[in-house]
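A short write-up of the structure that comes next.
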Amino acid sequence: MKRMFIGVKDGSAGEIKKRVQKLDNVTGVSVSDIGVNIEYDGSYAHIAQQVSSWQEVDSVQLGAEKPLSVSTQYEPLDSYLWHYRKAGLDKKSAESLVTRGVVAHNPVKIAVIDSGYRPSHPDAPSSVVAQSLVSGETAEDTGTDHSHGTHVLHSMGSPLNTSGVSGILSNFGVNAEFYIYKMFPSESGSQGSWLSALLDCISKGVDVVNMSFGYESYKEISQGGSLAPTSTVSANSINSNVILNSEVIAYKNVFDNAKTNGVIPVIASGNSYVVGSISGSNPRGPGGVDASGYFVPPQDTVATPAILSQICPGVVSVGSANYNGNKAFFSQKGKGLRIAAYSGDSLTNPENTGFPNISLAGSTTNSINSYVFMQGTSMATPIMAAIIGVILATGVAGTNVSVSSSDVDKILTKLYRGVSPNVLPDSTSNLGHGIFHSDWLL
């Protein structure tokens, strides 16, 4: 039986219950002090769209109001966070690590460059500084379908407030301040600049920057650049003696500046993995030069800007792993992929939840606050960004601040289980240094 919870304004739960009982596919309704629990068959989206138009409704979320099992979860929807449990990032695992000395005591600053966020969402973090890079739009995430930026933010920072899901930083008790940069427009406006956002993060002393986006690398780096088959970047080490074009040099300069100032960009590896060569606007396969003169990287290549991790040791490129511990079918891999996180793919059977084996977090459905399952390396990236926040907050890497290149080296060496960020993973690895587990914090 599927469950849904409707948050309502004071005194209106009884009236909402009457209306809900008249809806198709509703099989049960109960009222609490703060809303209405629904049991239903059929489509969540169909029912959510109807009730979200009612003025008395504040929010709509998957699952029941109360935890399904208080012994294993602390927020109403935590039972669906299989990927936290697999990696030891759920609240119960975090509490166990506290008893073993992994205790948060340092505040952290984390930025999200994305589509903005929903300040009205019941699971929105309380400490947020937001700005829009899109002309004519505020920093609010007002997407009419699902809100990418809100989902990313909530994976890290959803508070423990008996609503929705828990965020990884909250599970570990991290005092986090979030800096939101709206780069992607909600409507048809022009996209903002992630480079300007990253430079602003450096000026503000941000510790970690989540960048859940990417572009086809062949459009960014021309033949003879760092991705060419004759490149001097070896499979297992960083070699600065590579010939780069001007665009790559501009990116590299900003990333190097970030590392010098202790800022760690965490970037999605991309979702365009395909088997073999395809034609048209996204040629792949063995690599080469297309008809327009662009260098087409080989199949095993991560997206831009994550691909700069090949030559910038302070950049963390993140891939996705499914429930079985394999590379998610869409996740780009190859030289420069640093690490992976459980975030799932829709082709893998779920963990007895009845929902897809992908990532659940707060979002927006038809401009109403909701909780949505999403898949992609975009969902793996904030998990890794949050983990870096935990490493810094707890001091387990031997540093209580991240203000220099040496601090970044310590933090990332801890993240990579003792391997220096100056050493690339085996280029044939599907998952970089592996799928992170919280045991690596010890």
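The values are calculated or read from the model by the stated rules, or taken from the named source; none is laboratory data. Source: prediction; values computed, not measured. Ideal geometry is used to build each Cβ from the backbone, glycine not excepted, and the neighbour counts take in all protein chains shown.
Here are the numbers:
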{"quantity": "Which numbered condition Glu140 fails, given (1) over 14 Å from the mean Cα position of the chain (by Cα); (2) at pLDDT 90 or above", "calculated": "(2)"}
{"quantity": "Only one of Ser190, Ser126, Ser132, Ser158 that is assigned by TED's automatic domain parsing to the domain that holds Ala380, among the hydroxyl-bearing types (Ser, Thr, Tyr) and under 18 Å from the mean Cα position of the chain (by Cα)", "calculated": "Ser158"}
{"quantity": "Output for the stretch 173-217, where each listed residue is closer than 18 Å to Pro382 by Cβ and in a helix (DSSP H, G or I)", "calculated": "Trp194, Ala197, Leu198, Cys201"}
{"quantity": "Residue pairs meeting the criteria (Cβ under 6 Å; at least 6 apart or on separate chains; first over 19 Å from Ala386 (Cβ atoms), in the stretch 201-215; second among the hydroxyl-bearing types (Ser, Thr, Tyr))", "calculated": "Tyr215/Thr304"}
{"quantity": "Filtered residue count, the stretch 57-78, keeping only those that are modelled with pLDDT of 70 or more and either more than 23 Å from the chain's Cα centre (by Cα) or assigned to a loop (DSSP other than H, G, I, E, B) (or both)", "calculated": "6"}
{"quantity": "Filtered residues of the stretch 118-131 (kept if hydroxyl-bearing (Ser, Thr, Tyr) and in contact with a Phe, Trp or Tyr (Cβ under 8 Å, 6 or more places away or on another chain))", "calculated": "Ser127"}
{"quantity": "Scan of the stretch 32-56 for residues that are within 27 Å of Leu160 (Cβ to Cβ) and at pLDDT 80 or above, ordered by number", "calculated": "Val36, Asn37, Ile38, Glu39, Val51, Glu56"}
{"quantity": "In the stretch 174-199, the residues that are more than 18 Å from Ala124 (Cβ to Cβ) and surrounded by fewer than 18 Cβ atoms within 10 Å (Cβ to Cβ)", "calculated": "Glu187, Ser188, Gly189, Ser190, Gln191, Ser193, Leu195, Ser196, Leu199"}
{"quantity": "Single condition Ser163 does not satisfy, out of (1) at pLDDT 90 or above; (2) part of a loop (DSSP other than H, G, I, E, B)", "calculated": "(1)"}
{"quantity": "Residue count for the stretch 101-117, restricted to those that are out of contact with any strand residue (DSSP E or B) (no Cβ under 6 Å at 6 or more places or on another chain) and not acidic (Asp, Glu)", "calculated": "8"}
{"quantity": "Pair list, Cβ < 6 Å and 6+ apart or interchain, from the stretch 311-330 residues that are more than 21 Å from Leu360 (Cα to Cα) and in the same structural domain as Tyr342 (by TED's automatic domain parsing) to residues that are part of a strand (DSSP E or B) and β-branched (Val, Ile, Thr)", "calculated": "Val316/Val266; Ser317/Ile267"}
{"quantity": "Pairs with Cβ under 7 Å, 6+ apart, first in the stretch 402-423 and surrounded by 19 or more Cβ atoms within 10 Å (Cβ to Cβ), second of a type in the set (D, E, K, R) and assigned to a helix (DSSP H, G or I)", "calculated": "Val408/Lys259; Pro421/Asp409"}
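For (1) at pLDDT below 90; (2) small (Gly, Ala, Ser), each residue gets a yes or a no:
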site: Ile339; (1), (2): no, no
site: Ser370; (1), (2): yes, yes
site: Met379; (1), (2): no, no
site: Ser405; (1), (2): no, yes
site: Tyr416; (1), (2): no, no
site: Pro421; (1), (2): no, no
